[in-house]
Amino acid sequence: MVSNMDLAIDFYTKKLGLTLLNHYGDYYAEIQAPELLIGLHSASESTTVGNNISIGFGVSNFDGLIEDLKLTGIEFEIENDGWIRLAYFYDLDKNQLFFAENKG
């Protein structure tokens with residue numbers, strides 16, 4: 001659920017580099033990620049900000065990706081949890097997203 005469809009599309013396409021497949025005004029949009037389709041829906045009055053979802057992306061070039069995305073203004077909280085590294089960040093509606101890299 002997103003509060004502003006145009007800003008959400010910009011976030012997922014311009015900042016994260018994903019592909020917009022379909023855009024139906026303020027009602028719905030489809031974003032293509034590697035082997036994943038993300039459906040963006042307009043939030044209703046009963047939708048709370050944040051805690052609507054958490055999406056994780058497995059990555060292989062963790063450090064390079066984080067540094068590139070920091071240049072777009074995205075802030076990360078990095079967690080090293082033994083066998084995995086996680087980089088938590090938020091979209092414009094405070095939904096938590098994260099990148100994960102296995103250390104093994």
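Kindly provide the Kirkwood hydrodynamic radius of the stretch 46-104 in Å, to one decimal, from all pairs of distinct alpha carbon atoms.
With all distinct Cα pairs of the stretch 46-104 included, I get 12.1 Å.
Expressed as a fraction of 2.2 N^0.38 Å, the rule-of-thumb size for a compact globular protein of N residues, what is the C-alpha radius of gyration of the chain?
Rg over 2.2 N^0.38 Å, computed on Cα atoms: 1.10.
Mean residue ellipticity at 222 nm from the helices of the chain, using -39,500 (n - 2.57) per DSSP H segment of n ≥ 4 over the full residue count, to the nearest 500 deg cm²/dmol?
Result for the chain: -3500 deg cm²/dmol, rounded to the nearest 500.
Counting other Cβ atoms within 10 Å, which trypsin sites (Lys or Arg not before Pro) in the stretch 9-104 have at most 11 and lie in a DSSP loop?
On the way: sites: Lys14, Lys15, Lys70, Arg85, Lys94, Lys103; in loops: Lys94, Lys103.
Answer by residue number: Lys103.
Would you please calculate the Kirkwood hydrodynamic radius of the stretch 36-78 over all C-alpha pairs and express it in Å, rounded to one decimal?
13.3
Hand me the GluC sites (Glu not before Pro) from the stretch 18-65 located in a DSSP loop with no more than 11 other Cβ atoms within 10 Å, in residue order please.
For GluC sites (Glu not before Pro) across the stretch 18-65 that sit outside H, G, I, E and B with at most 11 neighbouring Cβ atoms in 10 Å, the list reads Glu35, Glu45.
Every number in this text was worked out from the coordinates using simple rules, so none of it is lab data. What you are looking at is a predicted structure, and each value in this text was computed from that prediction instead of being measured. Cβ coordinates were reconstructed from backbone atoms using ideal geometry, including for glycine residues, and neighbour counts include every protein chain displayed.
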